Amino acid sequence: MNVDVAVVGLGAMGAATLYQLAKRGVKVVGIDRFSPPHDQGSSHGDTRITRQAVGEGDAYAPLVRRAQQIWRELEGETGVPLFEQCGVLVMTSSATATSHHGTADFTERTLEQARRYGIDHEALDAAGIRARFPQFAPVLDSATGYYEPGGGYVRPEQCIATQLQLARQHGAQLLTGVTVTALEDDQGQTRVVSDGPTVYAKRVIVCAGMWNAGLLGAPFDQLLRVCRQTLYWFELEQPSIFPSPSPTFILAHGPTDEDLCYGFPPLPGENSMKIATEQYGLSTAPDALNRQVTEEECAEMFAGQLVGKIAGVKPKAVKTAVCTYTVTPDFHFIIDQHPTRPAITVVSACSGHGFKHSAAIGEALAQQVVDGHSELDLSAFSLARFAPREATV
Ligand SMILES: Cc1cc2nc3c(=O)[nH]c(=O)nc-3n(C[C@H](O)[C@H](O)[C@H](O)COP(=O)(O)OP(=O)(O)OC[C@H]3O[C@@H](n4cnc5c(N)ncnc54)[C@H](O)[C@@H]3O)c2cc1C
């Protein structure tokens, strides 16, 4: 099969990229080892937080703004609900400054960015948090909060399915259940070698998530770590003290990235609340990932992240899931050309905070292919920032 572009991996990043390329009339094939949306990578679990002020850094603010517009455009076109604007609360309830995704003093960084970009928000003190959000209890007197009405959550599986369906309608070919094993130079093209049909492509965009390093080798194998994460849906007490609508939240209660939990309001028709924390201490090989969540992990999660922090939740986990972060040394993305293979673009080392931006990243990559440049600036995500210390390029 001969194409202009092959997109390898059809999770958050690949589905968005495939759709945007197909929409522009590019002859494109998308290849995935599973049948997306699926629960084997980094894009499952019903919900992902989206927020317009992105404490991780200024480079992200235009991305999320554009992504939210695209979700709305897609909803308008298909009628499928993708983006629930229930608001987001970022809160520090700790005597010390806290870190999130490698960003020190995350709540303050978020507030600063909101002020700089004119993003609609409220700065809250402990009394304000207590009055508005009784589920966060007890709240320390020193607590500070950031409430953004424009934030909320997106539905990852529906976003992926919708973009893949539209990509097909625009003429993209999809190869699912096909694992790419090598990308070989072949007379000015790339031969995409897999256990399915061989594809010859002028350009390849690799969005293989936690499998990126295994497929691409150096320098990515030196830069990317895969960290197992666990998700929990805990049953709610009745009558529920969660106000309606209730925001998504990021609750930091200690100095490190792991002293934090984040969660979502109960979804319509469900009597449970999804909550998770993060861990960066243990890395795993993608194919050796432990996909089971134990009773012990559920009990630890409840005791560590809910007791004394969030009220109105029972210790019973009605559902659990395992998901992975693919993390770079500085917690920021890599979206760049391969250092020695300019026909290959590498995406999706998104360090646990990529979904909210994915629709805009897909659009920017498609613009780069078609127009030679993108409207949004992706230069902050270049590989060059790691050279020569971590990477030999
Ligand atoms: C628990 C958890 C919570 C998160 N919360 C948030 C949040 O609240 N907000 C937010 O913005 N972000 C969040 N993120 C991050 C976000 O979900 C990820 O950054 C994003 O989903 C990653 O998408 P991806 O396309 O890079 O990877 P994936 O979705 O994993 O896609 C990679 C795809 O590549 C395919 N593939 C891999 N290798 C091959 C191969 N050799 N051949 C063919 N196909 C292949 C896989 O099957 C897979 O479909 C969270 C992540 C996790 C794990």
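The values are calculated or read from the model by the stated rules, or taken from the named source; none is laboratory data. Fair warning: this is a prediction, and the values are worked out from it, not measured in the lab. Cβ placement follows ideal geometry from the backbone for every residue including glycine, while neighbour counts extend to all protein chains displayed. Keep in mind that these areas ignore ligands, DNA and RNA; they rest on the heavy atoms of the full protein, side chains included. Shrake-Rupley method; radii C 1.70, N 1.55, O 1.52, S 1.80 Å.
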Worksheet item: Where both residues lie in the chain, what percent of DSSP beta bridges are antiparallel, nearest 5?
Response: 70
Worksheet item: For the chain, what is the calculated [θ] at 222 nm in deg cm²/dmol (nearest 500), taking -39500 (n - 2.57) for each run of four or more DSSP H residues and dividing by its residue count?
Response: -7000 deg cm²/dmol
Worksheet item: Comparing Tyr146, Tyr280, Tyr232, which has the greatest mean-square fluctuation in the GNM of the chain with Cα pairs linked when under 10 Å apart?
Response: Tyr280
Worksheet item: Mind checking the dipole of segment 248-299: about its Cα centre, +1 per Lys or Arg Cβ, -1 per Asp or Glu Cβ, Debye to the nearest 20?
Response: 200
Worksheet item: Projected area of the chain, taken from the Cα convex hull and averaged over every viewing direction, in nm²?
Response: 18.4
Item to complete: From zero up to wherever the largest Cα-Cα distance of segment 25-68 sits, split into 10 Å bins and tell me the percent of pairs in each.
Response: 21, 28, 39, 12
Worksheet entry | Debye, to nearest 20: dipole size of segment 187-342, +1 on Lys, Arg Cβ, -1 on Asp, Glu Cβ | 620
Fill in: Inter-site label distance for Glu300 and Asp39 at 7 Å from Cα along Cβ, in nm
2.1
Fill in: Relative contact order computed over the chain (Cα-Cα under 8 Å; 6+ residues apart), in percent
25
Discussion item. From Cα pairs below 8 angstrom and at least 6 apart in sequence, can you work out the relative contact order of segment 150-267, rounded to a whole percent?
Written reply: 15
Worksheet item: Can you give the accessible area of His100 in Å² (nearest 10), computed on protein heavy atoms with a 1.4 Å probe?
Response: 10
Worksheet entry | Intensity falloff of segment 248-355 expressed as log10 I(q)/I(0), Debye formula with alpha-carbon point scatterers, at q = 0.22 Å⁻¹ | -1.38
Worksheet item: segment 271-330: D in µm²/s via Stokes-Einstein (Kirkwood Rh, Cα pairs, 37 °C, 0.692 mPa s)?
Response: 244
Worksheet entry | Heavy-atom accessible area per residue - the chain, 1.4 Å, Å² | 39
Item to complete: Specify the residue with the greatest mean-square fluctuation among Asp195, Asp259, Asp58, computed from a Gaussian network of the chain linking alpha-carbon atoms under 10 Å apart.
Response: Asp195
Discussion item. Let me test this: with uniform point scatterers at the alpha carbons of segment 1-117, what is the Debye-based log₁₀ I(q)/I(0) at q = 0.20 1/Å?
Written reply: -1.21
Worksheet item: Which residues does a label at Arg130 reach in segment 294-330, if reach means a backbone N under 18 Å from a point 7 Å past the Cα toward the Cβ?
Response: 308-312
Practice prompt. Please turn the phi angles of segment 35-40 into ³J(HN,Hα) values with the Karplus equation 6.51 cos²θ - 1.76 cosθ + 1.60 (θ = phi - 60°), one per residue in order, whole Hz, x for glycine and proline.
Written response: 10, x, x, 9, 10, 9
Worksheet item: Ignoring ligands and nucleic acids, what accessible area does Lys274 show with a 1.4 Å probe (Å², nearest 10)?
Response: 10
Item to complete: Along Cα→Cβ, 7 Å out, is where each label goes; now give me the distance between the ones at Asp58 and His373 in nm to one decimal.
Response: 2.0
Worksheet item: What ranking do 67-80, 163-176 get when scored by the average of other Cβ atoms within 10 Å per residue, highest first?
Response: 163-176, 67-80
Worksheet item: Got a number for carbon plus sulfur as a percent of the chain's accessible area, 1.4 Å probe?
Response: 50
Worksheet entry | Two-site label geometry, Lys27 and Val307: point separation in nm, points 7 Å out along Cα→Cβ | 6.3
Worksheet item: Using r as the Cβ-Cβ distance of Tyr117 and Thr198, and R0 as 56 Å, what FRET efficiency do you calculate, to the nearest 0.05?
Response: 0.75
Discussion item. Heavy atoms only, 1.4 Å probe, whole protein assembly: order Leu376, Leu260 by accessible area, highest first.
Written reply: Leu376, Leu260
Practice prompt. Could you size up the charge dipole of the chain around its Cα centre, putting +1 on the beta carbon of Lys and Arg and -1 on that of Asp and Glu, and report it in debye to the nearest 20?
Written response: 620
Discussion item. If you count only protein heavy atoms and use a 1.4 Å probe, how large is the accessible surface of Trp233, to the nearest 10 Å²?
Written reply: 10
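Using a 10 Å cut-off on Cβ atoms, rank the peptides 103-115, 148-160 from the highest mean neighbour count down.
Details: 103-115: 19.9, 148-160: 22.3.
The peptides rank, most packed first, as 148-160, 103-115.
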Item to complete: Take every Cα-Cα pair in segment 94-157 and report what % of them are more than 20 Å apart.
Response: 37
Item to complete: Would you work out which of Gly196, Gln292, Pro266 lies farthest towards the positive end of the dipole of segment 150-303, given +1 charges on the beta-carbon of Lys and Arg and -1 on that of Asp and Glu, about the Cα centre?
Response: Gly196
Response to the item:
PRE zone check, label point 7 Å out along Cα-to-Cβ of Arg168, amide N under 11 Å, scope segment 1-39, hits 36-37
Practice prompt. Among Gln305, Gln368, Gln229, determine the one that fluctuates most according to a GNM of the chain built with springs between C-alpha atoms less than 10 Å apart.
Written response: Gln368
Practice prompt. Work from the charge dipole of segment 254-312 (Cβ charges, +1 for Lys and Arg, -1 for Asp and Glu, about the Cα centre) and give the residue of Tyr280, Gln305, Thr256 farthest towards its positive end.
Written response: Gln305
